[in-house]
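Encoded as structure tokens, the structure appears first; notes follow it.
The values are calculated or read from the model by the stated rules, or taken from the named source; none is laboratory data. This is a predicted model, so every value here is computed, not measured. Cβ atoms come from the backbone with ideal geometry, glycine included; neighbour counts cover every protein chain shown. What goes into the accessible areas is simple: the full protein's heavy atoms, side chains included, and nothing from ligands, DNA or RNA. Shrake-Rupley method; radii C 1.70, N 1.55, O 1.52, S 1.80 Å.
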Amino acid sequence: MSTIAEHTVGHVHRDDIGSRLGMWLFLFTELVLFGGMFLVYAVYRFTYQHEFHVAAKELNTSVGALNTIILLTSSLTIVLSIIAIRKNNKFLSVFFQISTMVLAFGFLVNKYFEWNIKIHHGIFPGSETLLGKGNGEIIFFGLYYVMTGLHALHVIIGVLLIEVMAGYTIKGRINSTNYVRLEAAGLYWHLVDIIWIFLFPLFYLIT
Amino acid sequence: MNGEHLESTVEHKPTYGIYILVWLVLMMLTGVTVAVAGINFGNITVATALTIAIIKSYLVLTFFMHLKTETATFKIFVGVALLFLLISIALLFSDYSFL
Amino acid sequence: MIFGSNHIELVNGAFWFIVSISFILLSFITFLMIYFVFKYNRKKGKKAVNIHGNTKLEIIWTVIPVILVMAMFWYGWIGYRDLKNPPKDAMIIKVTAQMWKWTFEYDNGVKTDSLYVPVNKAIEVNLHSLDVNHSFFIPAFRFKRDVMPNRNNSIWFLPATVGKYDIACAEYCGLNHSAMYSKVIVLPKQEYDAWMKNELAKKNASSTQLPIVIDSTKVK
Amino acid sequence: MHNNGHAVSYLDYKGKHSGIFAWILSTDHKRIGLLYLMASLLFFAVGVTFGFLMRLELIAPGRTIMDAQTYNSLFTLHGIIMIFLFVIPGLPAVFGNFFLPILIGAKDVAFPRLNLLSWWLYILGALLAVISVFLPGGPADTGWTFYIPYSIRTTTNVMPALIAAFILGFSSILTGLNFIVTIHRMRAPGMSFFRMPLFVWSLYATAWVQILATPIIGITLLLVTIERLFGVGLFDPALGGDPVLYQHLFWIYSHPAVYIMILPAMGVISEIIPVFSHRTIFGYKFIAFSSLAIALFGSMVWAHHMFTVGMSETAQIIFSLLTFLVAIPSAIKVFNWVATLYKGSISTDAPLLYALGFIFLFSIGGFTGLIQGALSVNMHIHDTSFIVAHFHYVMFGGTGFGIFAAMHYWFPKMFGKMYNMKTAKVGFWVLFVGFNTLYFPMFVMGWLGMPRRYYDYLPEFHIYHLISTIGSWILITGLIIMFTNFIKALRSKTTYTAINPWGGETLEWTIPNKPPLENFEVIPTITAGPYEFKDNDEFLMKENN
């Protein structure tokens, strides 16, 4: 009685398009996940227009803008790392992946200080300062913490993902003929970027 | 299956230039959206900010995420997902904006 | 059926309208299924005929149901419209729900546990909740309306027959949800006036002992 | 690839793991399907037990066997278990996993390891739901809808239940994702979209709903968890939040979820009816497209669960109108099924009985759905036992009977054994009678004003509750007959070797019973649609002898 290795066939037939299709479908779930929160945002912004204006003044536009620039640049570096590996330039590809991670780290540090300052000012869910304000402001900051927090969580996951990819690239498992995993990680990273592209104006620019 | 795969990747020679260009445009748009937010357009402010955000994400989708060079299936898929979100928003606001 | 309020006719009408159509269609489908199963049974040695479809038939059984359901929609909608828009001279009563009791407050400040209303007078109830979601449900009058915190709902009705009817809570609200019953008591005009006078007198006599009104915001 | 003459069945082959690990670490779609089947049937048994206990409590007014708190927890758990652990995964994850690749001529799903991950997430979510029952604080008592603000006020273990539902949602999403990619990328040569069996079409439509709608419930339940932990005010009315917004978000998923449940069942029926009528299906394209139409319209009707909360008039009209329209594609399906019986050569084996039972019960569920779609009537019957009856007719009479139909239909293929047909038919009739005795009285008392989720009730409803409880006993007898019949078949020593017992034309009937690891030795080339029955007198002759 012979032993059959499971899915020998699966490994022979690599289907890059299928993998990318799967990744896109997964991105849709992420998109809708945030979409749900954008729905909440939209409804409360409609209900508490004035209070959202007032609350948004507390946020620092330049910090947000800086983070936007950082994330957009990191989106560029990750896409360049794919081009580099397709051109069979392993060194440059890894360099770009590391740049992406450094930029993401910068984003998180920036976010950390931003949150820290807010918390020092006594603005966090359940704080006395916040409960003293109007309902709309409580909800604005509730949304602010939940949405940027969940986004930051995605940034962290993205960094971990790219770290694994960098390892694969160094080991040669990702190479100029097989780079679909790097593409998938890239797609994820761009989605994180797109979500921030919307978070930025909705929270920082409505003063 | 494999024919489709080769088609979509080999046909387009990878170049750095286009991405850097797109990145520059994205930077510019970020500058514009911050600058515009400073001026008070009243109600149009939100609309402007969102329009710019939509343009930016369109650029990211098309170029960075290579939607431009993918097959029609991918484009239809994205369309379906966005349609679902739009329907949800529109129907939800049939309750809220007419209250 | 007890004819207790103005809404009954339209609600019952729409209900029986849809039930009748449904019953006819369901009988038709069921009859065909059973008839075919016997007529074309394999045991009878029937040979199958491959029929791929018939576009004309498909159109027919798409269009007819569309027309039927549009009629149903319309019937349902007019009844709802009626329920939604109270007449201007409606008497306003504030209803407060909490786990697990109802309180009714009249415009002169009288508060009761049961809802007393005069017959043939439009009543508008403004619904408030102190804790979780409830639903103000009078089965005999064929309507309910959810009672939610931070949200003002209202509904109106015109009690047509003197009598006592149940008020139930129809939105799950915890442990004693099923015990959250009260009554709506429809009285002839004179009896109602007498009752109200009596209540008012009781209230004035013991006004100092009354608990503080929890939510005294003016009803919109 | 190694192959020594004839292939070893999926039940018997040895992979790199052994013992139980050969199962719970297997990436074979058939083994995963079977794992889902066992797990979901286990939870079905638990759900039925809870339902039975609730019915027993309601046999007479007042307290009979439990207190109100227990009752409230039971209907919550009954809902969560039946919906998230049985009805949603029942067809896509069990029979979809097992048969989807076979039906399109593929060796497995597109992402086998992701498929296994889905199962593990399902088990993780299920375990969490079970654990929540035994933690101090007691099982959740919010109803499966977790309505705000009760769900952020109650002291019971709502959070584990919320997180369980969140995880189960992701299990469902990954299954859907897997199916879409499989259908797009792994069809056998010649298998165009319009040559796919209708079960595959229905799974395809379902998968889209799973992917697009489920994240909404995910984020909503996550927000409730965050609300409970930190009090961010997103839903809490005390902090300015809107409880109605929660209901919107909840139903944006949970109404489409109804279609996640019913669509695959419709797919199963579309498989069974042509096979047992031995003729091609009537209006293939109309049935296929009506699945997509249901998926699309089904995403646009969620607020008909909320007609009494006081939405804007515009919203009431739009949602009522769309609710009526969503009935149309279902009606088209029913008419086409009935038309498929016309001039067939009908064999009334158990799978067909269940399919016809499905049509009858689902039609009642559908028609009573129309009654609730009418705004004025909805004001009266919303949140009464009328609703309870309606969705049991749809979910149990519909999806449940669909699952049973699938079980009877594919049983010989999956296990290489055959159940006793007579017992199966008896089981069906007992189940059918029990079902109607149990749920039909609920329509009547709902119309008379019996609210749902009631531990106690007014004496005037006693007779209906009594009949209903007796019905639950008949129903359970039917279930016992059905399952003992299966178990007997599984334990019998006789192997069933006929690979095509019903004379089906789809691909699963071309491969051995207990299909081998990679299903096909040679990937078939498809040249015709799935229900092109040749006039094979040979099969019918054999059948008559």
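Worth pointing out:
- Total accessible area lost when C and D pair, probe 1.4 Å, Å² to nearest 100: 7500 Å²
- Once the partner protein chains are put back, region D:186-211 shows a loss of at least 40 square angstrom of accessible area, versus the chain by itself, at D:208, D:211 (probe 1.4 Å, ligands and nucleic acids excluded).
- Which listed pairs, of C:47/D:422; C:46/D:534; C:94/C:202, have C-alpha distances above 22 Å, in listed order: C:47/D:422
- From its DSSP helices (H runs of at least four residues, each -39,500 (n - 2.57)), chain C gives a residue-normalised ellipticity at 222 nm of -13000 deg cm²/dmol.
- Cross-link pairs beyond the 21 Å C-alpha cut-off, checked among A:118/B:56; A:57/A:118; D:488/D:514; D:107/D:333: A:118/B:56; D:107/D:333
- Each stretch of four or more DSSP H residues adds -39500 (n - 2.57); spread over every residue of chain D, this sum gives -21500 deg cm²/dmol at 222 nm.
- Net charge over other residues, Cβ less than 15 angstrom from the Cβ of residue B:78 (K, R count +1; D, E count -1): +1
- Per residue value of the accessible surface for chain C (all protein chains in place, 1.4 Å probe), Å²: 49 Å²
- The contact between chain D and chain B removes approximately 1700 Å² from the accessible area (both sides summed; 1.4 Å probe; ligands, DNA and RNA excluded).
- If you plug the beta carbon distance of residue B:75 and residue A:42 into 1/(1 + (r/R0)^6) with R0 = 25 Å, you get a FRET efficiency near 0.45.
- Using the 1.4 Å probe convention, the accessible area of region D:338-486 works out to 24 Å² per residue with neighbouring protein chains retained.
- Viscosity 1.567 mPa s, 4 °C: Kirkwood-radius Stokes-Einstein D of region C:126-171 over Cα pairs, µm²/s: 115 µm²/s
- Straight-distance crosslink candidates among lysines, where the alpha carbon sits under 22 Å from residue A:171 and sequence neighbours closer than 8 are dropped: A:87, A:90
- Here, P(r) means the percent of Cα pairs in each 10 Å bin from 0 to the largest distance; for region D:293-379 it is 15, 39, 25, 14, 5, 1.
- Both radii are taken from the alpha-carbon atoms of the protein assembly as shown; with Rh as the Kirkwood radius, Rg/Rh is 0.98.
- Nearby lysines by direct alpha-carbon distance to residue C:189 (threshold 16 angstrom, same-chain neighbours under 8 apart not counted): C:121, C:164, C:197
- Among beta bridges identified by DSSP and lying wholly in the protein assembly as shown, the antiparallel ones come to about 70 percent.
- Chain D and chain A together bury an accessible surface of about 3500 square angstrom, both sides counted, with a 1.4 Å probe and no ligands or nucleic acids included.
- Residues of region D:326-354 that bury at least 30 Å² of accessible area once all protein chains are present, compared with their chain alone (1.4 Å probe, heavy atoms only, ligands and nucleic acids left out), are D:328, D:332, D:335, D:338, D:341, D:342, D:343, D:344, D:345, D:346, D:348.
- What the Cα convex hull of region D:198-319 gives, in volume per residue, is 113 Å³.
- With a cut-off of 15 Å between beta carbons, the residues surrounding residue D:358 carry a summed charge of -1, where Lys and Arg count +1 and Asp and Glu -1.
- Expressed as a whole percent, the accessible area of region C:1-63 that falls on carbon and sulfur atoms is 74 (1.4 Å probe).
- Reduced Cα scattering model of region C:8-84, Debye log10 I(q)/I(0), q = 0.16, 0.19 Å⁻¹: -0.78, -0.93
- Note that region D:41-122 presents 27 Å² accessible area per residue, ligands and nucleic acids not counted, probe 1.4 Å.
- Here the spin labels are modelled as points 7 Å beyond Cα on the Cα-Cβ line, and at residue D:422 and residue C:23 they lie 3.9 nm apart.
- Stokes-Einstein diffusion coefficient of region A:66-207, Kirkwood radius over Cα pairs, 4 °C, 1.567 mPa s, in µm²/s: 79 µm²/s
- Convex hull per residue volume in Å³, alpha carbons only, for region C:45-128: 257 Å³
- The separation of region D:82-128 from region A:89-129, counted between C-alpha centres, amounts to 38 Å.
- For region B:63-80, a drop of 50 Å² or more in accessible area on going from the chain alone to the assembled protein chains (1.4 Å probe) is found at B:64, B:65, B:66, B:74, B:77.
- Here the translational diffusion coefficient of chain C follows from Stokes-Einstein with Rh set to the Kirkwood radius across Cα pairs; for 37 °C and 0.692 mPa s it amounts to 156 µm²/s.
- According to the Kirkwood relation over distinct C-alpha pairs, the hydrodynamic radius of chain D is 24.0 Å.
- 14 Å Cα-Cα reach of residue D:30 towards aspartates and glutamates, excluding residues that sit fewer than 8 places from it in its own chain: A:6, D:12, D:108, D:508, D:518
- Placing unit charges on the Cβ atoms only, positive for Lys and Arg and negative for Asp and Glu, gives region D:339-492 a dipole magnitude near 740 debye about its Cα centre.
- Pairwise Cα separations in region A:27-125 fall into 5 Å bins from 0 onward with the following percentages, short to long: 3, 11, 12, 13, 19, 16, 10, 7, 5, 3, 1.
- Both the radius of gyration and Dmax for region C:91-205 are 13.7, 39 Å, in that order, over alpha-carbon atoms.
- nm² value of the averaged projected area, convex hull over the Cα atoms of region D:25-79: 4.6 nm²
- Accessible surface of region A:66-207 [probe 1.4 Å, protein heavy atoms]: carbon and sulfur percent: 70 percent
- Here the accessible area of chain D is 70 percent carbon and sulfur, with a 1.4 angstrom probe and all protein chains present.
- Cα gyration tensor of region D:197-253 - equivalent ellipsoid semi-axes, whole Å, descending: 33, 10, 5
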